[in-house]
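A short worksheet on the structure shown next.
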Amino acid sequence: MSDRECTVLLYSDDPQVRDRMRLAVGTRPAPGLLIEFVEAATYAEVVRLVDDYEIDLLLLDGEATPGGGIGIARQIKDDRTDAPPTCVVIARTADRWLAAYAEVDATLVHPLDPVTTGNTVAELLRTHAPA
């Protein structure tokens, strides 16, 4: 069986947060999955990348400024019928209600645990992204 190649968009205004997200996911979060990353530091870059590329998963920083990942997730879900699955990294577990309102598919909490992050990303790619 060959690996399924998936593109994950990492969004944060902070390059260190994007690095931590990339390291927590890894290039092989599960057997059979190979991850390629693209990065965005602004809402406009997220929209451009989603429009121009086949993005399999959005991994968004809920603490980014001025555009937080929860708001971006909601906007993309509202604007597109083919929105990729979204996972937002939040600082407080209490913010899960807000992520649910934004129709986010999953949440993770800072600091990222590599095992939980890899499992969550793999599950989202297996259940939501087209085969």
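Within the stretch 84-101, if we keep just the residues that are within 14 Å of VAL50 (Cβ to Cβ) and touching a residue at least 40 places away in the same chain (Cβ under 8 Å), the residue that is surrounded by the most Cβ atoms within 10 Å (Cβ to Cβ) turns out to be PRO84.
Residues in the stretch 7-26 that are more than 22 Å from PRO66 (Cα to Cα) and surrounded by 22 or more Cβ atoms within 10 Å (Cβ to Cβ): VAL25 alone.
Residues checked against (1) within 25 Å of THR116 (Cα to Cα); (2) in a strand (DSSP E or B); (3) free of Cβ contacts under 8 Å to residues at least 12 places away in the same chain:
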residue	(1), (2), (3)
LEU23	yes, no, no
PHE37	yes, yes, no
ASP78	no, no, yes
ASP82	no, no, yes
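Per the listing VAL104, VAL109, VAL121, the residue uniquely surrounded by fewer than 18 Cβ atoms within 10 Å (Cβ to Cβ), at pLDDT 95 or above and in contact with a helix residue (DSSP H, G or I) (Cβ under 8 Å, 6 or more places away or on another chain) is VAL109. Selection of the stretch 27-39 for residues being of a type in the set (D, E, K, R) and either in contact with a Pro (Cβ under 7 Å, 6 or more places away or on another chain) or exposed (fewer than 13 other Cβ atoms within 10 Å of the Cβ) (or both) yields only GLU36.
Filtered by the rule that a residue be under 12 Å from the mean Cα position of the chain (by Cα) and closer than 20 Å to PRO15 by Cα, the stretch 51-78 gives ILE55, LEU57, LEU58, LEU59, LEU60, ASP61, GLY62, GLY69, ILE70, ILE72, ALA73. Find the residue count for the stretch 48-60, including only residues that are of a type in the set (A, V, I, L, M) and within 18 Å of LEU108 (Cα to Cα). The qualifying residues number 4. When each of THR81, THR42 is tested for being more than 10 Å from the chain's Cα centre (by Cα), surrounded by fewer than 13 Cβ atoms within 10 Å (Cβ to Cβ) and of a type in the set (Ser, Thr, Tyr), the lone residue that passes is THR81. The residue pairs whose first member lies in the stretch 113-125 and is small (Gly, Ala, Ser), whose second member is surrounded by fewer than 19 Cβ atoms within 10 Å (Cβ to Cβ), and whose beta carbons are closer than 8 Å, counting only pairs six or more residues apart or on different chains, are GLY118/GLY26; GLY118/ALA30; ALA122/ALA30. Considering GLU45, GLU63, GLU39, the condition of being among the charged types (D, E, K, R) and farther than 24 Å from PRO111 by Cβ is satisfied by GLU45 alone.
A count restricted to the stretch 45-67 and to residues that are crowded, with 23+ Cβ neighbours inside 10 Å and assigned to a loop (DSSP other than H, G, I, E, B) stands at 2.
The values are calculated or read from the model by the stated rules, or taken from the named source; none is laboratory data. Every value quoted in this text rests on a predicted model; they were computed, and no experiment measured them. Note that we place each Cβ from the backbone using ideal geometry, even for glycine, and neighbour counts take in every protein chain shown.
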